[in-house]
Amino acid sequence: MKSAQRTTRRPLALAVAALVGLPLALSACGTSTAASSSEAVTEISVMDYYNNEPDKSFIGDALTKCGTQAGVTIKRETVPGKSLISKVLQQSSSKTLPDVLMLDNPDLQQIAATGALAPLADFKISTDNFAEGVLSAGTYKDKVYGLAPTVNTIALFYNKDILDKAGVTPPTTWDELKAASAKLTAGDQYGLAFNANPTYEGTWQFLPVMWSNGGDEKKIDTKETEQALQLWTDLVKSGSVSSSALNWTQADVKDQFMAGKAAMMVNGPWQIPALDKQPTLQYGVVKIPVREAGQTSVAPLGGEVWTVPQTGNKARQAKAAEVVACLNSDENQMAMAKVRNTIPSKTTLADKFASENPKLATFTELIKTARARTGELGTEWPAQATKIYTAIQTALTGNASPADALKQAQGQ
Amino acid sequence: MSLTTDLSQTAARSTGKAKAKSGRPAGSPTEAQKPRRRTRQRRERIFQWLFLVPAVVYMALFFGYPVVKNVVMSFQDYTTATFFTGEAPWVGLANYVTVLSSSLFSTSLLNTALFTIGSILGQFVIGLALAIFFQRKFPLNGILRSLLLLPWLLPLIVSSAVWRWILDKDSGALNRFLGDLGIVDTGVPWLTSTSLALIAVVGVNIWIGIPFNLTILYGGLQEIPDELYEAGSLDGATGWKAFRHITWPMLRPVVSVVLVLGVVYTLKVLDIILGLTNGGPANSTQTIATQSYDLSFHEFKFGEGAALGNVLVIISLVFAVLYLRASRRAVDE
């Protein structure tokens, strides 16, 4: 018995040593980036989620060009959109963030709140001429952490042929929208398609009607928001919008529109390449209607911001900042916006861009007044956005009136 | 637990053997041979432990660490900032209070129960029926059986995408089919009606779970000796009677294993629900698993997500203990 005990102790110690040692060894691999800051910087790392063509190449080209200008080569990593945030959080805990990091604009608050990002003012990057919404999307606690070279938003697409045939003009007010949608609904075809699914996408698509009517995300059980939700509910209840909207994504909405099963749709300019692949499809784009003529159509701001993480290496950070500034130069904004069907984020470029790209004119106009989702709430946005889509779903399924659905959700 | 008992048994057995050897009177070993034998024994035992090390390290790293971390996390205010700063203030039971008192919890709990019971019931009954059916000998038996494994082989994300398309209200294949048969007039809102969505999701999960049940139960059926049926038929036990008095009792150990494993698998189903409905419409397919995922990865409330995750772990644990008992009994029998 004694000998058995003695013999077991040593392997046990071995096992314990392995257990303790392995994670240490693993984490040690991660901390190799802390090079001395006096070294000349020849390469910087970049991470973004443009992992599909053609955006992957467009962004890659712009990065390479900006890298050359700053005298560094770019080591780029593209990850799928859904895994970006978890990757960023992992990297921030192991202190292995890239030198330049792209973030979807509503996520900037969460990451800036961690202290992982450097304020762009540290590098004297100019924030002049950017649209107000773009700056507020990149701002956390009064400091700008991220800038978006190009942005996007959503508007109302309509099928010209279907509307012409029915003698309907693109609607500008809610009443017109309801009337037009009803008139355009026949057989297999719905008047309008939008997305009201239980994700942030559903919230995003609802924001234009809510904001344009004076609704506010801080407190959603108000008359203004209720009216907006009533509009969405009426459209589904009357059958002008398929109840499938409760489960559709924006891509599904686009598919319905392209198949001629929806005469109009709420969607963004990133769908334009797909729409243009079908030459028989003649479409136009107008602002999302407002309740009363005279109200301003306020759209939510989409797009990705570029940031400089706190990597602890000043020289590399300086180079990274040069790249971010370069991506946001007038020339690059115009070029990237054009190829990617997005809008330059500087208002000074708007008129020139709209005249050169008439297809994007409506979106360009909207960006001037577009609001950032996180502008008011900062890191509280995800929680509130959840309440909004919960209320939308509750009202649209008929589980509660819009007023009650909003009240319930606000109290949650 | 079982590992250590196994080891001590083998250890005891080997020492016993050694004793028996040394106790042999004829040609007894010299004094010089004894220490050599002891070092050999010791080396053997070291080897036994060394073989265990990879498993222990693996378990500790990939099961022990996350579970402990999750428990710790659930008592902390764990936010995105924690990842960078490492600071997560202790908040005691606050996360549990928030999660358990939220109006959504009772909905999720009920949905989890309905989803699990419905799925298990469907999977098991259909799986058993198919297993019995495939016991007969008929042409193409093998090919058909392997075709039935397909749902198991498909990635869940693919299955849910295909089913989302099939179940679509306006252009889904199911509604087309039912419409052509004249069973329904207008599209049935499988995934967008609060009263149908859970049923539809359970249906898809049953489809996915049938192969597992079929395979295990078919294996169990093969184990039942034919002689029993022959003897039974002499006593007049055929058909349903044979099933009740021979098949079912003989299959019971396998059944309990299948059911308990099925429950544990089903409780944590995430991909299928997220792929089909995202927990909607109006939370009608929200389960504890999807809610926990939402809290952690969409709302970035990692502490609350972890707390809810632990609630699920505890529920699963109950069934895991049942499973261990059932499997031990199955081995004994």
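The values are calculated or read from the model by the stated rules, or taken from the named source; none is laboratory data. Please read these numbers as outputs of a predicted model, since none were measured by experiment. All Cβ positions, even for glycine, are placed from backbone atoms using ideal geometry, and neighbour counts span all protein chains on display. Just the protein is used for accessible areas: all its heavy atoms, side chains included, with ligands, DNA and RNA removed. Shrake-Rupley method; radii C 1.70, N 1.55, O 1.52, S 1.80 Å.
Run the Debye formula on the Cα coordinates of chain B, all scatterers equal and no solvent, and tell me log10 I(q)/I(0) at q = 0.06, 0.09 1/Å.
-0.36, -0.72
By how many degrees, between 0 and 90 and to the nearest 10, does the Cα long axis of helix B:248-267 differ from the longest principal axis of chain B?
The answer is roughly 60 degrees.
In square nanometres and to one decimal, what's the mean projected area of the convex hull around the Cα atoms of chain A?
26.8
Using the heavy atoms of the protein chains alone and a 1.4 angstrom probe, what is the accessible area of the range A:305-400 per residue in square angstrom?
34
With no solvent and one equal point scatterer placed on each C-alpha of the range A:320-408, evaluate the Debye formula and give log10 I(q)/I(0) for q = 0.20, 0.21, 0.23 Å⁻¹, two decimals.
For the range A:320-408, the Cα-only Debye profile gives -0.90, -0.94, -1.01.
Around A:PHE130, what is the net charge, scoring Lys/Arg as +1 and Asp/Glu as -1 over all other residues with Cβ under 13 Å from its Cβ?
Counting the neighbours of A:PHE130, the net charge comes to -1.
I'd like to compare B:224-234, A:126-136, A:151-161, A:246-256: which one has the highest average count of other Cβ atoms within 10 Å, and what's the full order after that?
Working: B:224-234: 11.8, A:126-136: 18.8, A:151-161: 23.3, A:246-256: 21.7.
Those peptides, ordered most packed to least, come out A:151-161, A:246-256, A:126-136, B:224-234.
In whole percent, what relative contact order does chain B give with Cα contacts below 8 Å and a gap of six or more residues?
Relative contact order of chain B: 24 percent.
Along each of its three principal axes, how wide is the spread of alpha-carbon positions in the protein assembly as shown, in whole angstrom units, largest first?
That gives 110, 80, 48 Å along the principal axes, largest extent first.
With a probe of 1.4 Å, find how much accessible area the range B:24-158 has per residue, and write the answer as a whole number in Å². Walk me through the intermediate numbers first.
On the way: 8880 Å² over 135 residues.
I get 66 Å² per residue for the range B:24-158.
Restricting to Cα pairs below 8 Å that are 6+ residues apart, what does the relative contact order work out to for the range A:104-199? Please round to a whole percent.
Across the range A:104-199, relative contact order equals 18 percent.
Which one, A:ASP276, A:ASP216, A:ASP104, has the greatest fluctuation when you compute a Gaussian network model over chain A with C-alpha springs under 10 angstrom?
Between A:ASP276, A:ASP216, A:ASP104, it is A:ASP276 that shows the largest mean-square fluctuation.
When all protein chains stay in place, what accessible area (Å², nearest 10, 1.4 Å probe) is found for A:LEU377?
Accessible area, nearest 10 Å²: 30 Å².
Which whole-number value in Å³ per residue fits the convex hull of the alpha carbons of the range B:210-333?
Spelled out: Cα convex hull of the range B:210-333, divided by residues, is 126 Å³.
Quick check: from the Cα gyration tensor, does the range A:249-361 come out rounded (a/c under 1.5), prolate or oblate?
Taking the square roots of the gyration eigenvalues as a ≥ b ≥ c, the range A:249-361 is prolate.
Relative contact order of chain A: what whole-number percent is it, with Cα pairs under 8 angstrom and at least 6 residues apart?
Taking the mean separation of contacting Cα pairs over the length of chain A, I get 26 percent.
Rolling a 1.4 Å sphere over the protein heavy atoms, what is the accessible area per residue of the range A:52-169, to the nearest Å²? Walk me through the numbers before you get to the answer.
Details: 5060 Å² over 118 residues.
Heavy-atom SASA per residue in the range A:52-169 reads 43 Å².
Would you please give the residues with an amide H less than 5 Å from that of A:ARG76, counting only those at least 5 places away or on a separate chain, with H modeled from the backbone geometry?
Answer set, sorted by chain and number: A:VAL46.
Leaving out ligands, DNA and RNA, what percent of the accessible area of the protein assembly as shown is carbon and sulfur, probe 1.4 Å?
60
For the range B:107-208, list log₁₀ I(q)/I(0) at each q in 0.10 Å⁻¹, using the Debye formula over Cα point scatterers of equal strength and ignoring solvent, two decimals each.
The Debye formula, applied to the Cα set alone, gives -0.37.
Report the per residue volume, in Å³, of the convex hull enclosing the C-alpha atoms of the range B:38-127.
Hull volume normalised by residue count: 217 Å³.
Report, by chain and number, residues whose modeled amide H sits under 5 Å from the one on A:TYR140, excluding near sequence neighbours (fewer than 5 apart, same chain).
Those qualifying (amide H under 5 Å, at least 5 residues apart or on another chain) are A:TYR145.
Would you mind checking which residues have amide H under 5 Å from A:TYR49's amide H? H placed 1.01 Å from N; only 5 or more apart, or other chain.
A:VAL79
Net charge near A:THR203: determine it from the other residues with C-beta under 12 Å of the C-beta of A:THR203, scoring Lys and Arg +1 and Asp and Glu -1.
Its environment carries a net charge of 0.
Once all Cα-Cα distances of the range A:286-335 are split into 10 Å bins that start at 0, what whole-number percent is in each one?
That works out to 20, 28, 22, 17, 11, 2, in percent per bin.
Whole-Hz Karplus ³J(HN,Hα) for the range A:206-213, in order, using 6.51 cos²θ - 1.76 cosθ + 1.60 and θ = phi - 60°, x for Gly and Pro?
8, 4, x, 6, 5, 5, 4, 8
Heavy-atom accessible surface, probe 1.4 Å, ligands and DNA/RNA ignored: which residues of the range B:74-101 lose at least 20 Å² versus the isolated chain?
The answer is B:THR80, B:ALA81, B:PHE83, B:PHE84 - residues whose exposure falls by at least 20 Å² when every protein chain is included.
Computed on protein heavy atoms with a 1.4 Å probe, what is the summed buried accessible area for the chain pair B and A, in Å² to the nearest 100?
Using a 1.4 Å probe on protein heavy atoms, the buried area is about 3600 Å².
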